[in-house]
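Asks: Okay, handing you the structure first.
Since every read-out is calculated from the coordinates, none of them should be taken as a lab result. If you're wondering where the values come from, they're calculated on a predicted model, not measured in any experiment. Every residue, glycine as well, gets a Cβ built from its backbone with ideal geometry; the counts of neighbours run over all protein chains shown.
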Amino acid sequence: MDYLAATAEKKYLMYISQNYSYAILRPLQQEILAHGGEVKWFLEGDEVNPDFLHQEEQRLMSLNDVKEWQPDIVYLPGNIVPNFIPGKKVKVFHGFNSGKRVNNGLDNHFKIRDCFDLYCTQGPSTTTTFTELAQKHGYFQVKETGWPTLDPYFSEVENNPYEDKQDPRKTLLICSTFSRRISLAPKLYEQIKAFSEQGKWRILMQFHPKMPSELVAQYKALQNENLTFVETDNVLPLLKAADVMLCDTSSILLMFILQRKPVVTFCNQNPDEHLVDITDADKIEQAIDYALTEPDELMAKIEHFCQQLHPYQDGLSSQRVLAASNELLLSNPALKPKPRNFIRNLKMRKKLNYWRW
């Protein structure tokens with residue numbers, strides 16, 4: 001059966017709670033609309049800015065509106081969706097597994113929260129574990145599709161606002177996660193300040209949206225002709241504009257490395273051979289210089305890692321996610337009922353102030 005053709009006249013809800021989810025789901029939205037489906041958005045909470053919605057994008061303003069609309073499929077980059085939302089729930093992930101969230105030996109990337117009917121995984125390094133979990137639990141399916149977010153990544157970006165073709169210097173992108181324990185931002189300020197003053201590289205900086213405001217202000221104050229601080233809901237053009245990245249354990253480094261470009265990390269929690277990991281702040285500059293030479297041994301290790309993380313470079317991951325979602329909807333597989341999770345859903349009702357049954 002042509003499951004893409006089955007999109008016509010079906011309803012697809014984009015359920016988001018963070019600004020970065022717009023860029024994650026828009027390639028999928030484009031594919032749905034191209035195949036005759038209908039898309040609407042629901043924005044949960046106050047951490048997602050409705051001003052980022054495009055003029056032509058349709059928003060459902062309340063949970064009553066969602067229930068009345070009756071979506072067939074609900075897409076989530078996030079971790080939790082209440083069970084009173086109609087439709088099959090499809091997890092598309094908000095990033096790659098960086099290994100930074102480990103509690104009591106359990107990697108939170110693989111935590112099953114009993115919310116989803118389908119997990120659309122990004123590559124072999126996550127598919128294997130989720131498939132084992134699907135066999136164990138029995139109430140969800142797993143399909144390896146690639147990540148829709150990256151579909152535009154494998155096409156040319158016209159008029160990239162972060163490129164400067166008149167500047168012959170290499171471009172260094174500095175990114176950091178928000179957790180003070182593992183963030184490079186509080187630890188490397190003096191080194192980055194020196195980089196911004198010496199002008200050896202053209203520097204772009206971007207932080208996780210939950211970064212403490214005082215750190216953001218501190219780094220914004222460094223801006224000059226050598227360093228630009230960027231705030232955006234779409235990091236893909238930013239990633240494509242750089243030659244090398246300096247990062248910590250943020251999952252954004254995994255998106256960057258898929259370009260087959262080197263990454264220097266500072267005190268990465270899971271350092272491996274595809275990274276140039278440094279624990280001495282005074283050796284950061286030397287490590288960046290080394291990475292920019294793109295040594296053959298390092299680049300071979302990067303290629304092997306990318307094949308496990310996300311082997312798809314065809315820009316068709318959205319098509320695969322949509323086809324897998326429609327197959328789930330139409331084939332109605334014999335899955336066990338999901339756990340009721342009464343307490344969690346009661347908490348969600350309280351959080352959303354929604355008591356209609």
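Asks: Relative to the longest principal axis of the chain, what angle (0 to 90°, nearest 10) does the C-alpha long axis of helix 317-331 take?
Replies: It is inclined by approximately 20 degrees.
Asks: Then there is this: Need one number: nm distance between label points at residue 197 and residue 110, each 7 Å from Cα along Cα→Cβ, rounded to one decimal.
Replies: The answer from the label model is 4.7 nm.
Asks: Where the Cα atoms of segment 161-309 are projected onto their three principal axes, how long is each span, largest first, in whole Å?
Replies: 39, 38, 32
Asks: For the ranges 214-225, 313-324, 35-46, what's the packing order if you count other beta-carbon atoms within 10 Å of each residue, average per peptide, and put the highest first?
Replies: On the way: 214-225: 13.4, 313-324: 20.9, 35-46: 17.6.
The densest-packed peptide leads the list: 313-324, 35-46, 214-225.
Asks: Output ³J(HN,Hα) for segment 158-172: one whole-Hz value per residue in order, computed from phi by the Karplus curve 6.51 cos²θ - 1.76 cosθ + 1.60 with θ = phi - 60°, and x for Gly and Pro.
Replies: Listing the rounded values in order: 7, 6, 4, x, 9, 8, 9, 5, 7, 9, x, 6, 5, 9, 9 Hz.
Asks: Need the C-alpha centroid separation for segment 133-178 versus segment 228-244, integer Å.
Replies: Segment 133-178 and segment 228-244 have Cα centres spaced 11 Å from each other.
Asks: What residues have an amide H closer than 5 Å to that of residue 204, excluding those fewer than 5 places away on the same chain, when H is modeled at 1.01 Å from N in the peptide plane?
Replies: 172, 173, 174, 228
Asks: Here's something else I'd like to know. Any lysines with Cα under 19 Å of the residue 338 Cα? List them, leaving off those in the same chain fewer than 8 positions away.
Replies: Straight-line reach from residue 338, under 19 Å: 88, 89, 91, 111, 136, 143, 347.
Asks: Pull out a ≥ b ≥ c, the square roots of the eigenvalues of the alpha-carbon gyration tensor of segment 256-355, then state rounded if a/c is under 1.5, prolate if not and a/b is larger than b/c, and oblate in the remaining case.
Replies: Note, shape of segment 256-355 comes out oblate.
Asks: On C-alpha positions alone, give me the angle between the axis of helix 21-34 and the longest principal axis of the chain, in degrees, nearest 10.
Replies: For helix 21-34, the angle is close to 50 degrees.
Asks: Calculate log10 I(q)/I(0) of the chain for q = 0.08, 0.13, 0.16 Å⁻¹, where I(q) comes from the Debye formula with a single equal point scatterer on each Cα and nothing for solvent.
Replies: Results for the chain at q = 0.08, 0.13, 0.16 Å⁻¹ read -0.42, -1.08, -1.50.
Asks: Hey, another quick one. Relative contact order for the chain using alpha-carbon pairs under 8 Å, separation at least 6, rounded to a whole percent?
Replies: 19
Asks: Which order do 299, 245 fall in if you start with the one that has the fewest other Cβ atoms within 10 Å?
Replies: Lowest count first: 299, 245.
Asks: Could I ask something else about it? Determine the shape class of segment 1-61: with a ≥ b ≥ c the square roots of the Cα gyration tensor eigenvalues, call it rounded for a/c under 1.5, and otherwise prolate if a/b is greater than b/c, oblate otherwise.
Replies: Here segment 1-61 falls in the prolate category.
Asks: Out of residues 5 or more away from residue 177 or on other chains, whose amide H comes under 5 Å of its own, with H placed 1.01 Å from N in the peptide plane?
Replies: Correct list: 184, 248, 249, 250.
Asks: Pairing the Cα long axis of helix 189-198 with the longest principal axis of the chain, what angle in degrees results, from 0 to 90 and rounded to the nearest 10?
Replies: Rounded to the nearest ten degrees, it is 60.
Asks: Would any residue of segment 138-158 have its amide N under 17 Å from a label point 7 Å out along Cα→Cβ of residue 33? List them or say none.
Replies: 149, 151-152
Asks: Take each of the peptides 24-31, 165-172, 255-262, average the number of other beta-carbon atoms within 10 Å over its residues, and list them starting from the highest.
Replies: So the order, starting with the most tightly packed, is 24-31, 255-262, 165-172.
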